[in-house]
Amino acid sequence: MKSSASFLFASRLLLPRTGKKSNARRSLVGACLCIGISLVPLVMVLTVSNGMIQGITSRIIGLSSSHINCVLYPYDEEAQNESSLRALAGDLCTIDGVKRAYPEIQGVGLAAGKKGRTGATIRAVEPDIFTKNPAFSSLFDLVAGEPSLEAKNSAIIGEKLAEMLDVSAGDTFRLITARRLTNGKIVPKITPCRVSAVVSCGYQELDALWAFISLSSGFSILPVQSSEVHIALETEDAFDFVALGQLQMKVENQVPQYTRVYLWNELNSAQFENFSSTQIMLLFIMLLIVLVASVNISSALVMLVMERRKEIAILKSLGGTSAGISFAFLITGLITGAIGVVTGIPAGLLCAVNFDRIISLIERIINAVAKAGYLITRGSLSDFAQIHLLDPAFYLQKIPLAIPLGQLIIIGCGTLILSLVVSAIPSVRAGREKPIDTLRKI
């Protein structure tokens with residue numbers, strides 16, 4: 001039996017010329033739908049999680065750790081004043097592979113505003129960093145004001161910190177830090193700061209407590225001995241780890257003796273391992289759904305073999321081989337899986353593109369039902385709190401779209417292979433059908 005005959009028989013199994021109703025073909029259509037529907041959440045999880053991880057990663061690298069981070073020993077001469085720190089940053093820019101260097105002092109303090117007070121991470125940076133640094137200018141969204149630190153005692157704070165302090169652009173709040181007197185006594189230092197701008201990077205877990213001040217103000221209010229003085233270095237590619245490792249050694253040879261030089265993945269290894277393990281777990285659960293859906297192909301082919309015993313018997317009596325019959329049913333199962341892939345992956349991508357709208361719609365429905373229940377049980381909505389499926393404190397407010405083309409191809413090919421595997425048993429049984437026994441019953 002030629003392969004062309006097997007393909008022809010498979011086409012007749014899928015699209016018979018007679019108008020006779022077939023429960024087996026309905027089962028095949030149902031199997032296609034099940035595979036397509038099961039691929040939708042898989043593609044959505046893969047696309048959305050990749051976009052979220054890439055968005056969070058770009059913010060951590062660009063706004064926090066940079067590509068390479070040089071942490072200075074606080075008692076080094078280069079860490080004692082603004083001019084020495086800037087001079088060291090200029091020297092590091094001369095290293096081949098380093099594009100930009102940003103000196104910074106980072107410490108902690110207490111921020112006090114109209115509403116109350118809270119802890120704050122104080123970052124003393126270059127006054128023009130929000131325009132000079134490409135990551136700062138592109139990843140920070142301006143909520144209010146003008147992001148500039150040129151004015152004396154000006155500050156740029158995160159949106160969450162502004163809400164907790166109840167301040168906005170133009171308002172004044174106080175930064176309370178500690179300083180050590182010559183006699184060794186530690187006393188508080190209160191510095192009034194004017195909010196020049198309120199910003200947000202869309203990921204509150206990162207920028208919730210950030211308060212940016214100028215580098216000169218940082219040296220005046222932050223004790224160097226209890227703060228982190230570092231220089232953030234940018235390179236051509238943050239993900240070229242071979243080049244980063246080589247550049248790390250070059251930087252170590254040029255910085256002061258006790259300076260520690262870290263790559264961005266070393267500083268954030270625990271967080272990215274958590275991202276990867278969570279994504280793998282979600283994908284594993286989604287793949288189990290696809291596996292269960294593909295079993296429908298096997299059951300549909302079993303029904304198809306039972307319905308087409310007469311045709312199988314006639315083909316065998318005319319010289320059809322068992323291998324040719326089995327191959328025809330394998331083709332049928334493969335085409336069924338392929339139709340599910342062709343419909344499921346585009347539908348999943350369409351849902352991923354509109355993920356924010358879908359989540360917003362689901363939130364509105366859930367909140368409407370919750371309000372109705374709250375009103376019935378409490379009689380008032382005064383204490384009702386809105387339900388958020390994706391809390392902006394832990395997720396990005398706007399999830400960027402990242403289509404993993406290679407992974408989607410692997411998913412499609414894997415689903416087709418799975419369709420062949422589950423089609424194997426009913427296809428082999430179809431090839432083993434005995435034509436004499438079947439024709440006697442006609």
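The set of residues in segment 207-239 being in contact (Cβ under 8 Å) with a residue 40 or more places away in the chain, surrounded by fewer than 23 Cβ atoms within 10 Å (Cβ to Cβ) and over 30 Å from Ile186 (Cβ atoms) consists of Glu234, Thr235, Glu236, Ala238.
To keep it simple, each residue is scored yes or no on (1) open to solvent by 50 Å² or more (accessible area, probe 1.4 Å); (2) out of contact with any strand residue (DSSP E or B) (no Cβ under 7 Å at 6 or more places or on another chain); (3) among the hydroxyl-bearing types (Ser, Thr, Tyr); (4) not in a helix (DSSP H, G or I).
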| site | (1), (2), (3), (4) |
| --- | --- |
| Arg12 | yes, yes, no, no |
| Val29 | yes, yes, no, no |
| Ser38 | no, yes, yes, no |
| Thr47 | no, yes, yes, no |
| Thr57 | no, yes, yes, no |
| Tyr75 | yes, yes, yes, yes |
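A single entry from Phe136, Phe212, Phe140 fulfils the requirement of being at pLDDT 90 or above, aromatic (Phe, Trp, Tyr), touching a Leu at 6+ places or on another chain (Cβ under 8 Å) and within 15 Å of Gly109 (Cβ to Cβ): Phe212.
Please indicate, with yes or no, whether at least one residue in segment 334-356 is more than 28 Å from Ala402 (Cα to Cα), open to solvent by 10 Å² or more (accessible area, probe 1.4 Å), in contact (Cβ under 8 Å) with a residue 24 or more places away in the chain and under 31 Å from the mean Cα position of the chain (by Cα). Checked against the condition, which is being more than 28 Å from Ala402 (Cα to Cα), open to solvent by 10 Å² or more (accessible area, probe 1.4 Å), in contact (Cβ under 8 Å) with a residue 24 or more places away in the chain and under 31 Å from the mean Cα position of the chain (by Cα), segment 334-356 yields no hits at all. Here the condition is being over 30 Å from Glu150 (Cα atoms) and of a type in the set (Gly, Ala, Ser); of Ser227, Ser214, Ser269, Ser220, it holds for Ser269 alone. Among strands (runs of 3 or more DSSP E) entirely within segment 102-185, having at least 3 residues that are over 29 Å from the mean Cα position of the chain (by Cα) and under 28 Å from Leu88 (Cα atoms) singles out 172-180.
Residue pairs whose Cβ atoms lie under 6 Å apart, sitting 6 or more positions apart in sequence or on different chains, and linking a residue in segment 161-190 that is among the polar types (S, T, N, Q) to a partner that is open to solvent by 100 Å² or more (accessible area, probe 1.4 Å), are Thr172/Arg194.
With respect to Val242, is the statement that it is part of a strand (DSSP E or B), free of Cβ contacts under 8 Å to residues at least 12 places away in the same chain and open to solvent by 10 Å² or more (accessible area, probe 1.4 Å) true? Steps first, please.
Details: part of a strand (DSSP E or B): no; free of Cβ contacts under 8 Å to residues at least 12 places away in the same chain: yes; open to solvent by 10 Å² or more (accessible area, probe 1.4 Å): yes.
Answer is no for this residue.
The values are calculated or read from the model by the stated rules, or taken from the named source; none is laboratory data. Owing to the predicted nature of the structure, the values given are computational and were not obtained by experimental measurement. A quick note on method: Cβ atoms are made from the backbone with ideal geometry, for glycine too, and the neighbour counts reach across all protein chains shown. Keep in mind that these areas ignore ligands, DNA and RNA; they rest on the heavy atoms of the full protein, side chains included. Shrake-Rupley method; radii C 1.70, N 1.55, O 1.52, S 1.80 Å.
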